[in-house]
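Q: Right, I'll just put the structure down here and ask away after.
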Amino acid sequence: MVEHTFSRATWLNSLHMSALTVALLQEEGIAACDLLAGSGISEQDLAELQKLVNPEQEQQVYANAARLAPRPAMGLALGLRTRISAYGLLGYAMLSAPTFGEALRVGLSYPVLLGTYFRLALEQDGDIAWLTATGYSEDESLRAFNTEVCLGSLKVTFADLLGQPLPLHAVQVDYPSGSGMARPYARGFGCPVSFGANRSAIGFDAAWLTRRLPLADPVTHKEMLEQCRRQNVEFAARRAWLERVRGLLAARLADPPGLEELAKQMNCSSRSLRRHLAQQQTSYQQLLDELRFTRAKEMLQQGDIPIYRIAEALGFSETASLRHAFQRWSGQPPSHFRG
């Protein structure tokens, strides 16, 4: 089975999950501005759904949701709302696969299109098949939330593929049960849940792997696989290119290269650079702002670096400019991010 390895350095994703998170928590009475605080994502961004976001931005929205959630297991509630259509062409390739097992193998074969914070792998242990989610390396305080999203979305994906709910044998999670978690987990997964396991995984009868899918179509499946292959290569190339741009800017935040100089370093014209950035739903200024915001938060978390030093390190002529930038980026003053 092909494993999916998450690469934080090159991964950018749509606003789909951030928008779902905001919509879910708004139903609980939480304001969108509070859920987006510190993420660099605006309500206008959610309305337009054009911007690409990096892991830190998405994780900030998750952190806000976990902190503000009025009840436990909100990550699971979010995962259970994530339909297979969220995967775009990959979702269609999976839906048109001949069998359930083949659909899962297709899904795990396209890491750039799948987008997850875990290494996913399909394993078989006797009569039970396990889809495991390991290798988590994000904020430890969000381990449960991210795992809930992952396993919850897998449960929904199984049902979307089969056209009916898949009876689960068991669910394992590699963290202890928190207050009030047991009941929503049992209700959400509909099977025994083991907390404090040595891995996180979702198990089902392996016989389902050979089940023919109701929407199986060999012509569509072949076409979708080719589209996924092309998209995977294209996305990987674009993200590698964008990461090079980000690297050049990150190396000189105190004195960033202008657009013309950056274009020369990328061996293209400034017009081409603007066009390529626009194709990634970003811009020179947006990338520079994101990098400065990330670095500023890192420095603030250290606790003892004066604001004026942070302003200098980020290329601001005075601390007032940095304070204004923070209001623009997050709606919060720099002090809000002090460690």
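The values are calculated or read from the model by the stated rules, or taken from the named source; none is laboratory data. Remember, predicted model here, so these are calculated numbers, not experimental data. FYI the Cβ positions are ideal-geometry reconstructions off the backbone, even for glycines, and counts take in every protein chain you see. For the accessible areas, the whole protein counts, side chains as well, though only heavy atoms, and no ligand, DNA or RNA atoms are used. Shrake-Rupley method; radii C 1.70, N 1.55, O 1.52, S 1.80 Å.
Q: In debye, nearest 20: dipole of the chain around its Cα centre with unit charges on the Cβ of K, R (+) and D, E (-)?
A: Computed about the Cα centre, the dipole is about 380 debye.
Q: Let me ask something else. Can you work out the PRE-style zone for residue 289? Point 7 Å along Cα to Cβ, and I want the residues of the stretch 308-339 with backbone N under 13 Å.
A: Taking a point 7 Å out along Cα→Cβ of residue 289, the residues of the stretch 308-339 whose backbone N falls under 13 Å are 324-332.
Q: With a cut-off of 8 Å between alpha carbons and a minimum separation of six or more residues, what is the relative contact order of the stretch 70-114 in percent?
A: Relative contact order, the stretch 70-114: 28 percent.
Q: Under a plain spin-label model, where a point goes 7 Å from the Cα along Cα-to-Cβ, how far apart in nm are residue 309 and residue 244?
A: 3.6
Q: If you don't mind, another one. Top mean-square fluctuation among 14, 141, 42, Gaussian network model of the chain, C-alpha springs under 10 Å?
A: Greatest mean-square fluctuation among the candidates belongs to 141.
Q: Also, quick follow-up: Given 221, 299, 332, which one lies farthest toward the positive end of the charge dipole of the chain, if we put +1 on the Cβ of every Lys and Arg and -1 on the Cβ of every Asp and Glu?
A: It is 221, whose Cα lies furthest towards the positive end.
Q: Let me ask something else. Under a 1.4 Å probe, what is the accessible area of the chain per residue, stated in Å²?
A: With all protein chains present, the chain gives 46 Å² per residue.
Q: In deg cm²/dmol and to the nearest 500, what is the mean residue ellipticity at 222 nm of the chain if only DSSP H runs of at least 4 residues count, each as -39500 (n - 2.57), divided by the residue total?
A: After summing the helix terms and dividing by the residues of the chain, the value is -15500 deg cm²/dmol.
Q: Treating the beta-carbon of each Lys and Arg as +1 and of each Asp and Glu as -1, no other charges, what is the dipole magnitude of the stretch 16-114 about its Cα centre, to the nearest 20 debye?
A: Once rounded to the nearest 20, the dipole reads 320 debye.
Q: Give the cross-link partners of residue 51 among the aspartates and glutamates, using a straight C-alpha distance below 20 Å as the criterion and excluding same-chain residues fewer than 8 apart.
A: Partners within reach: 34, 43, 234, 243, 289, 290.
Q: When the dipole is taken about the Cα centre of the stretch 245-339, and only Lys, Arg (+1) and Asp, Glu (-1) are charged at their Cβ, what size is it in debye, to the nearest 20?
A: That gives a dipole near 260 debye.
Q: In nm, give the distance between the simple-model label positions of residue 222 and residue 317, each being 7 Å from the Cα along the Cα-to-Cβ direction.
A: Roughly 6.4 nm, to one decimal.
Q: Does the chain classify as rounded, prolate or oblate by the C-alpha gyration tensor (a ≥ b ≥ c root eigenvalues; a/c under 1.5 gives rounded; else a/b over b/c gives prolate, otherwise oblate)?
A: Verdict is oblate for the chain.
Q: Provide the gained length on full extension for the span residue 279 to residue 298, in nm with one decimal, where the gain is 0.36 nm per separating residue minus the Cα-Cα distance.
A: In short, 4.0 nm is gained.
Q: Excluding residue 99 itself, what net charge comes from residues whose Cβ is under 12 Å from its Cβ, given Lys and Arg +1 and Asp and Glu -1?
A: With Lys, Arg at +1 and Asp, Glu at -1, the net is +2.
Q: Return the sequence-ordered ³J(HN,Hα) values of the stretch 123-129 in whole Hz as given by the Karplus equation 6.51 cos²θ - 1.76 cosθ + 1.60 applied to θ = phi - 60°, using x for Gly and Pro.
A: 10, 10, 10, x, 8, 10, 9
Q: Considering only 19, 207, 250, give the residue with the highest GNM mean-square fluctuation for the chain, with springs between Cα atoms whenever their separation is below 10 Å.
A: Checking each option, the largest mean-square fluctuation is seen for 207.
Q: Of the accessible area of the stretch 1-140, with the probe set at 1.4 angstrom, what percent is carbon plus sulfur?
A: 48
Q: Check every DSSP H run in the chain and write down those whose alpha carbon atoms cover 20 angstrom or more along the long axis and whose mean Kyte-Doolittle hydropathy is -1.0 or greater.
A: Membrane-span-like by this rule: 143-162, 218-250, 284-301.
Q: Please check: in the Gaussian network model of the chain (C-alpha springs, under 10 Å), which one of 133, 69, 186 has the largest mean-square fluctuation.
A: Looking only at 133, 69, 186, the largest GNM fluctuation is found for 186.
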